[in-house]
Amino acid sequence: MRISVIGCGNVAHAHVKDLLTLRARGYEIEIPFLVDVNREKALKLKEKWNLEEAEVVEDYRLILDRTDAVIICTPHTLHYEQILNSLKRDVSVFVEKPMVCRLEHAYTVVEEAEKRGLVLEIGFQRHFIPCFMAARDFIRGGGIGNIRIISMILGQKWYRNFRGTWRHTLALGGGGELLDSGSHFLDVALWTTGLKPVRVFALIDRYDTEVDINTGLVAELSNGTILNFTVAGDDPSWYELEIFWGDEGRLTLKPPEVMVLKRDCEKYELDTSKYSSSRPVFNFVDVLLGKDVNRCPPIYGLYVIAIVEAAYRSYELNRPVNIKEICEEKGLDYYKFFTE
């Protein structure tokens, strides 16, 4: 199997390491191409991991007839074109989050992958972390009843860590902290519950940049569930908290701990020992080989960008924005993905 890497920055090193781990376990994996417009980055990746067979290329379009799959690790706004062109050449795709930066682009790539029977997977690591897997199974199994409200907090040293980089630009970043690391949290809210976004209201502070640093977001999800998401992009370090309230109790996720408080005040920690930690790229390769199902399917990328785009629109208009109105404005079939 030939898997090439498009975009050779920091995260590409983790994915190459995963591919080499699978190779060491007996998987027949070739890495024929490393693609980056910055040739030096690709050469550093090749040298660090001793990828003697890999050819360094600057234009990803030149490799699509000579690879079976690609791993895309480029700046966010480049994802759409790279995903679509790969799929149209019958190349399966693993893409870093966010999948794309516009809702109509999400519709296009999801439909293209479905039409061609190709794999399109997103790098949402939490789908493979035991505490999140246990929380999902417990919530979807009715462990705290119907979910009424979700509260999430993301604190990250994002503003200072990425100052002066492409992540602080609309041209390449497509948005700020909400779109970047915030994608993981929005995915968790939807993936753990099976709910879908309905409408969004957001307030944003951009500091001295052109993208969002801090965001206060409230969303209505299907079944009337309320999502409250606080993004503090100028945190001194890292902070993460997810809380789910249902009819029958509360689940608190503060990784790696998952605590449950039932209606009768019985309190206990979920046992995560039966879940094995894994890596998104491991799953991607197994899906390509027919050994597993896609555990990070593109529908979650579509739902995430629907919330983010509605949040940005809400801030500009100073009112709640419905996902349905965005779909209607863009000529998209709202009922295809956002209703039962």
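Couple of notes before you dig in:
- Taking a Cβ cut-off of under 15 Å around G117, the surrounding Lys, Arg, Asp and Glu residues balance to a net charge of -2, with basic ones at +1 and acidic ones at -1.
- Kirkwood analysis of the range 3-125, using all unique Cα-Cα pairs, places the hydrodynamic radius at 14.4 Å.
- Nearest-ten-degree value, helix 130-140 long axis tilted from longest Cα axis of the chain: 50
- The range 1-84 - charge dipole about Cα centre, Lys and Arg +1 at Cβ, Asp and Glu -1, debye rounded to 20: 280
- For the listed residue pairs K17/K97; K17/K196; K46/K274; K115/K196, the alpha carbons are over 27 angstrom apart in K17/K196; K46/K274.
- With K and R counted +1 and D and E -1, the other residues having a Cβ less than 15 Å from that of K157 yield a net charge of -2.
- Sequence ranges 218-225, 95-102, 114-121, ranked by mean other-Cβ count within 10 angstrom, highest first: 95-102, 218-225, 114-121
- Mean residue ellipticity (222 nm) of the chain, computed from DSSP H runs ≥ 4 via -39,500 (n - 2.57), nearest 500: -10500 deg cm²/dmol
- Relative protection proxy for 72-79, 47-54, 105-112, 205-212, from highest mean packing down: 72-79, 105-112, 205-212, 47-54 (other beta-carbon atoms within 10 angstrom).
- Summarising the overall dimensions of the range 94-164 from its C-alpha atoms, the Rg and Dmax are 16.8, 46 angstrom.
- The fewest-to-most ranking of L22, L45, L261 by surrounding Cβ atoms within 10 Å reads L261, L22, L45.
- Tail fraction, Cα-Cα pairs, the chain, threshold 34 Å, whole percent: 25
- Extension gain, K267 to T339: 0.36 nm times the residue separation minus the Cα-Cα distance gives 22.4 nm.
- Over the range 28-86, the reciprocal of the mean inverse Cα-Cα separation, the Kirkwood hydrodynamic radius, stands at 12.1 Å.
- Scattering curve values for the range 157-233, log₁₀ I(q)/I(0), Debye with Cα scatterers, q = 0.12, 0.14 Å⁻¹: -0.35, -0.47
- Cβ-defined net charge surrounding S237, 15 Å radius [Lys, Arg +1; Asp, Glu -1]: -1
- When each of the peptides 323-329, 226-232 is scored by the mean number of other C-beta atoms lying within 10 Å of its residues, the order from highest to lowest reads 226-232, 323-329.
- Candidates F33, G174, P256 compared by Cα position along the dipole of the chain: farthest toward the positive end lies P256, with charges placed on Cβ.
- Overall form of the range 75-231 per C-alpha gyration tensor (a/c, 1.5; a/b vs b/c): oblate
- Rounded to 5, the percent of DSSP beta bridges in the range 115-271 classed as antiparallel: 85
Computed from the coordinates by the stated procedures, all read-outs in this text should not be read as laboratory data. Note that the structure is a prediction, hence the values are computed from the model and not measured. Neighbour counts are summed over all protein chains in view; Cβ atoms, including those assigned to glycine, are modelled from backbone coordinates with ideal geometry.
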